[in-house]
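These notes are about the structure you will find just below.
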């Protein structure tokens, strides 16, 4: 899920945002502020996912996790 948000933000959303900023004129400050809040939420979701994965690894019995794939 984090990867989907990352792709959505940096691929899809970034292109639309750049176009909106180019045509925004006097609204650039408000638009930039709103977009920075979106970035904070994205980073919070990524950190939450990282912490959930870390907790799962700590709680798992030794030998129960699959070997990393290469």
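Each value in this text was obtained by applying a stated rule to the coordinates, not by laboratory testing. Values in this document were obtained by computation on a predicted structure and should not be read as measured data. Positions of Cβ are backbone-derived with ideal geometry, glycine not excepted, and every protein chain shown enters the neighbour counts.
Across the alpha-carbon atoms of segment 2-57, the computed radius of gyration and Dmax are 14.3, 49 angstrom. Exposure proxy ranking for 5, 10, based on other Cβ atoms within 10 angstrom of each Cβ and starting from the fewest, stands as 10, 5.
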